[in-house]
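Here is the structure we will look at, set down as structure tokens.
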Amino acid sequence: MGGGVPVVLRLLGHGDSFYCAIGEAVNGPGGYFGWNLDALDDCLCGGWGANAPFTLHWESSAESRARLVERVPVGDREVTVFDLILKIFEERGVSVILE
């Protein structure tokens with residue numbers, strides 16, 4: 001998968017449910033696309049079902065932003081997990097449309 005194929009992400013829970021949701025969005029029911037932020041970044045390098053560039057349509061993103069609020073260190077500051085996920089996608093060439 002890559003290029004013009006849109007991926008739709010529907011996050012229903014919080015925390016680890018993101019990894020289940022992105023795995024299924026990219027690779028279908030029961031699909032894998034990382035189990036933590038480092039693994040997500042690795043999967044975006046290719047070989048796990050989707051190769052950048054692709055477009056991710058993140059449905060109910062405001063709700064996801066409200067749920068993915070854990071703060072993690074990035075350099076000399078802290079950011080939310082939601083913002084770090086967006087940064088990882090951007091760095092790996094994934095266009096994210098927040099819906």
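The values are calculated or read from the model by the stated rules, or taken from the named source; none is laboratory data. Worth saying up front: this structure is predicted, and the values here are computed from it rather than measured. With ideal geometry, Cβ positions are generated from the backbone for all residues, glycine too; neighbour counts draw on all protein chains shown. Accessible surface is based on the protein model in full, side chains and every heavy atom, while ligands, DNA and RNA are left aside. Shrake-Rupley method; radii C 1.70, N 1.55, O 1.52, S 1.80 Å.
Quick notes on this one:
- In degrees, nearest ten, helix 17-27 long axis to first principal axis of the chain (Cα): 20 degrees
- Taking each DSSP H run with n ≥ 4 as -39500 (n - 2.57) and averaging over every residue of the chain yields -10500 deg cm²/dmol at 222 nm.
- Formal net charge of residues neighbouring T55 (Cβ-Cβ distance under 14 Å; K, R +1; D, E -1): -2
- Inter-label distance for V72 and S95, nm, one decimal - labels placed 7 Å from Cα along Cα-to-Cβ: 2.6 nm
- Gyration tensor (alpha-carbon) shape descriptor, segment 28-86, a/c threshold 1.5: oblate
- Eigen-decomposition of the gyration tensor built on the alpha-carbon atoms of the chain gives equivalent ellipsoid semi-axes of 20, 15, 13 angstrom, largest listed first.
- Placed amide H near V79: partners under 5 Å, 5+ positions off or other chain: V72, V74
- Highest-MSF residue in the chain out of D42, D76, D16 [GNM, Cα springs under 10 Å]: D76
- By accessible area, using a 1.4 Å probe on protein heavy atoms only, the chain has 53% of its surface on carbon and sulfur.
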